[in-house]
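Let me begin by presenting the structure, written as structure tokens, before commenting on it.
Every number in this text was worked out from the coordinates using simple rules, so none of it is lab data. Computed from a predicted structure; not experimentally measured. Heads up, the Cβs are rebuilt from the backbone with ideal geometry, glycines too, and the neighbour counts pull from every protein chain shown.
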Amino acid sequence: MAPRKTATVSSRKTAAKPAAKASNGGPVADFDRDEELKAYREMLLIRRFEEKAGQLYGMGFIGGFCHLYIGQEAVVVGMQMAQKEGDQVITAYRDHGHMLATGMEARGVMAELTGRRSGYSHGKGGSMHMFSKEKHFYGGHGIVGAQVSLGTGLAFANRYRGNGNVSIAYFGDGAANQGQVYESFNMAALWKLPIVYIVENNRYAMGTSTARATAQSNYSLRGSGFGIPGIQVDGMDVRAVKAAADEALEHCRSGKGPIILEMLTYRYRGHSMSDPAKYRSKDEVQKMRSEHDPIEQVKARLIEKGWASEDDLKAIDKDVRDIVADSADFAQADPEPDVSELYTDILL
Ligand SMILES: Cc1ncc(C[n+]2csc(CCOP(=O)(O)OP(=O)(O)O)c2C)c(N)n1
Ligand SMILES: [Mg+2]
């Protein structure tokens, strides 16, 4: 991982014994047993859900696009652990993990993927277009970078209403090169909007590596022209994400305006379901999996500290697999939307 370059917002107190550090030297949150177990379970739910979605896609149950989040689970789970009720989340099309992290039901997400009636968009949105006002999840967007401007609008509404909520807008390393991102940065900085911009730097935009596509690959510095601070975070370590999230959310809630978190992360699977994978080596993927896997890191700590046995963790895995299997059964049994749905939820 690259060294942590940062325009820090505050310094943190260290405990008597040397504090643990993330692989890029950044701070990590000091998780207790319950937090480690929660992080483990939430990340595992996303991974197993995505594996099942991949299977259902292969079997022809999912039409249209489908982008899996496997490898990046620590980002949304660490963020969600720091958020408060009312904070909004908005992201792009690699969105199933974000939805599950906000507490949206696996059944409703899977039913949407398979185009069924009980899906969050009544089967009409599919993988890239789901929303839950109740869980403050605003999509699900297929236009690269568009959610950054929409997320800035959510932050504007928060500021206008004075409700103390923060908008969290996720986007990729590829999206970070889109013009509207910088128009949004300008307004957010000018009006001190409460928004955390999260660049999920998974090193590739489809088949294009950041090295081939970007002049400034330290995305945490992308707001410097607008005076927006940024932190580079080990996005494979859920504790590092939580520590950065606490800092960023506090920054926004105290009225200091926007902040950027660059999450150094990695996607294990292809860009979408058809990907020739010629742009990287199998060894590169394998190295990330074996040395930085976000779930294995938590598992190793739980075992090492004696906070969970292999059997305890197997029981969690079984529980999670049951939830995912149930969602897949539910989705396949659920009817397709009625033809009359063609005329609902549209602007005429
Ligand atoms: C405005 C626009 N341009 C191009 C595309 C085609 N496209 C879809 S995904 C993608 C790559 C985006 O990569 P990144 O932002 O790094 O996100 P990741 O897929 O890595 O999560 C592109 C170019 C699009 N959907 N919208
Ligand atoms: Mg990317």
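Some notes on this structure:
- Backbone N under 14 Å from the residue 345 label point (7 Å along Cα→Cβ), restricted to the stretch 67-108: 108
- Taken as Cα centroids, the stretch 115-185 and the stretch 315-348 sit 21 Å apart, rounded to the nearest whole angstrom.
- Residue separation of residue 291 and residue 20 scaled by 0.36 nm, minus their Cα-Cα distance, works out to 95.8 nm of gained length.
- For residue 124, neighbours were defined as the other residues whose beta-carbon sits under 14 Å from its Cβ, and their charges (Lys and Arg +1, Asp and Glu -1) total -4.
- Note on the chain: dipole from Cβ charges, positive end direction compared against 90, 46, 252; the farthest Cα belongs to 252.
- Hydrodynamic radius of the stretch 34-330 by the Kirkwood approach over all distinct alpha-carbon pairs: 19.2 Å.
- Packing order of peptides 283-295, 147-159, highest average first: 147-159, 283-295 (average count of other Cβ atoms within 10 Å over each peptide's residues).
- Simple spin-label estimate for residue 117 and residue 246 in nanometres, 7 Å along Cα-Cβ: 4.8 nm
- Among 328, 308, 211: highest mean-square fluctuation, GNM of the chain, C-alpha pairs under 10 Å: 211
- Interatomic Cα distance distribution for the stretch 157-291, bins of 5 angstrom, percent: 2, 10, 19, 21, 18, 13, 9, 6, 3, 1, 0
- With a Förster radius of 45 Å applied to the beta-carbon distance between residue 55 and residue 191, the computed FRET efficiency rounds to 0.50.
- Considering only 310, 250, 50, the mean-square fluctuation computed in a Gaussian network model of the chain, springs between alpha carbons under 10 angstrom, is largest for 310.
- Interchain or long-range residues, amide H under 5 Å from residue 172's placed H: 200
- Net charge of Cβ neighbours under 15 Å - reference residue 155; Lys, Arg +1; Asp, Glu -1: +4
- In units of the compact-protein estimate 2.2 N^0.38 Å, the stretch 60-147 shows a Cα radius of gyration of 1.01.
- Spatial separation of Cα centroids for the stretch 217-267 and the stretch 46-94, in angstrom: 20 Å
- For the stretch 93-162, GluC sites (Glu not before Pro) are listed when DSSP marks them as loop and at most 15 other Cβ atoms sit within 10 Å of their Cβ; the list is 134.
- As a rough guide to protection, the peptides 189-197, 20-28 ranked by mean Cβ packing within 10 Å, highest first, stand as 189-197, 20-28.
- Integer Hz, Karplus 6.51/-1.76/1.60 couplings in order for the stretch 52-58, x for Gly and Pro: 5, 4, x, 5, 5, 4, x
- For a label point 7 Å along the Cα-to-beta-carbon line of residue 280, residues of the stretch 57-80 with backbone N under 13 Å: 68-73
- Prolate/oblate/rounded label for the stretch 112-160 (Cα gyration tensor, a/c 1.5): oblate
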